[in-house]
């Protein structure tokens with residue numbers, strides 16, 4: 001949507017004062033944001049919509065549903081300005097003039113007054129959201145461990161954690177360029193999906209640490225998490241499905257992964273639910289699954305203590321086993337890791353590996369020899385297969401995805417020539 005451009009024609013003093021006075025009167029009366037926005041629409045002779053920083057509509061002053069849709073979509077001459085209080089952007093004012101566009105001085109003054117009221121209106125919700133994030137962060141990082149204190153702080157936020165809870169982790173990855181506030185918008189959408197199923201869910205973006213940054217991603221964002229209170233183990237899957245439907249309806253062009261823990265019956269053990277949901281999310285994302293419950297992670301569950309109590313040991317085991325394969329695949333665009341995964345999945349059959357990967361059996365054998373050369377582990381031995389299999393599981397628990405796809409660059413010689421290096 002185009003932003004309003006400054007105009008050089010000065011407004012008449014009377015029109016400017018009259019418009020500003022009408023909006024100021026609505027603001028001072030305490031009638032609320034909808035009345036302030038209606039006054040702004042009259043002052044600017046425009047249809048007006050005000051949105052908060054997450055993209056949620058706060059107030060509308062339009063002539064009809066079709067008019068409102070045109071303003072939202074930026075059609076038929078609709079424009080927008082950022083709403084700012086000091087240096088903080090608190091939302092957007094979208095408007096479509098009914099005739100001549102409002103003069104720049106009037107637009108600036110009216111938008112400033114609307115910004116003040118929008119900020120005041122949103123302040124309690126922001127404070128509540130910060131309190132939820134603080135509580136979840138304190139519980140999951142084990143800064144808050146006393147059962148009675150956990151229940152008391154949950155009660156302050158309108159939820160009963162006395163019977164325990166289940167934790168859901170949601171990862172929504174934009175597949176195209178998004179505006180800078182997309183995470184705030186996604187958090188609103190997640191809450192909108194969760195609360196119709198369980199209105200006392202706690203929704204926030206908080207850090208879930210395995211004790212290590214995700215390899216290759218030092219700037220990892222906080223996770224979207226939903227704490228579902230109560231002792232019903234079937235409730236969290238229903239909440240997850242509702243969140244999925246809302247995200248798919250409201251956020252387009254996002255890759256979605258949803259993972260959830262087992263039910264934690266004791267509030268003092270909710271931190272464990274966080275570790276379980278994080279492990280399930282890492283495994284799901286690495287395997288390309290869009291949803292995974294901790295109970296369905298199979299043998300990965302055995303690695304939860306290592307992830308929770310000594311994640312650096314898990315990192316060391318990964319580095320001692322399959323990390324050289326990932327580095328080699330990344331540098332030369334080969335498929336050693338994928339070949340190893342496939343070979344283990346088909347119970348060590350070279351013929352079945354070749355069929356699944358659409359390649360020759362000699363190529364599979366060559367790749368498995370490179371696996372042995374790089375790791376010192378032979379897939380022909382029981383010990384080698386077990387260590388490599390555990391190394392792959394450690395990689396997935398750490399959230400490291402397998403690179404896919406053979407080399408296709410000219411001169412790559414089937415993926416055996418270093419990228420960017422010319423032949424001697």
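The values are calculated or read from the model by the stated rules, or taken from the named source; none is laboratory data. Keep in mind that this is a model prediction, so the values were computed, not measured. FYI the Cβ positions are ideal-geometry reconstructions off the backbone, even for glycines, and counts take in every protein chain you see.
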Filter result for the condition that a residue is farther than 30 Å from residue 312 by Cα, modelled with pLDDT under 95 and surrounded by fewer than 15 Cβ atoms within 10 Å (Cβ to Cβ), over 386, 355: 355
When you scan the range 225-232, do you find a residue that is touching a strand residue (DSSP E or B) at 6+ places or on another chain (Cβ under 8 Å), in contact (Cβ under 8 Å) with a residue 24 or more places away in the chain and either surrounded by fewer than 23 Cβ atoms within 10 Å (Cβ to Cβ) or not assigned by TED's automatic domain parsing to the domain that holds residue 152 (or both), even just one? yes
Of the residues 144, 161, only one is in contact with a helix residue (DSSP H, G or I) (Cβ under 8 Å, 6 or more places away or on another chain), free of Cβ contacts under 8 Å to residues at least 24 places away in the same chain and closer than 12 Å to residue 270 by Cβ; which? 144
Exactly one of (1) buried (at least 23 other Cβ atoms within 10 Å of the Cβ); (2) assigned to a strand (DSSP E or B) is unmet by residue 161. Its number? (2)
Is it the case that some residue within the range 64-81 is within 30 Å of residue 202 (Cα to Cα) and crowded, with 19+ Cβ neighbours inside 10 Å? no
If I filter the range 364-377 for residues that are touching a helix residue (DSSP H, G or I) at 6+ places or on another chain (Cβ under 7 Å), within 14 Å of residue 320 (Cα to Cα) and in contact (Cβ under 8 Å) with a residue 60 or more places away in the chain, do I get at least one hit? no
Selection within the range 183-209 - touching a strand residue (DSSP E or B) at 6+ places or on another chain (Cβ under 7 Å) and either without any contact (Cβ under 8 Å) to a residue 60 or more places away in the chain or in the same structural domain as residue 89 (by TED's automatic domain parsing) (or both): 183, 190, 191, 194, 198, 200, 201
Looking only at strands (runs of 3 or more DSSP E) that fall completely inside the range 202-312, which ones have 3 or more residues that are modelled with pLDDT of 90 or more and over 19 Å from residue 160 (Cβ atoms)? 254-260, 291-293
Selected residue [in contact with a helix residue (DSSP H, G or I) (Cβ under 7 Å, 6 or more places away or on another chain) and outside the structural domain of residue 251 (by TED's automatic domain parsing)] from 77, 30, 55: 55
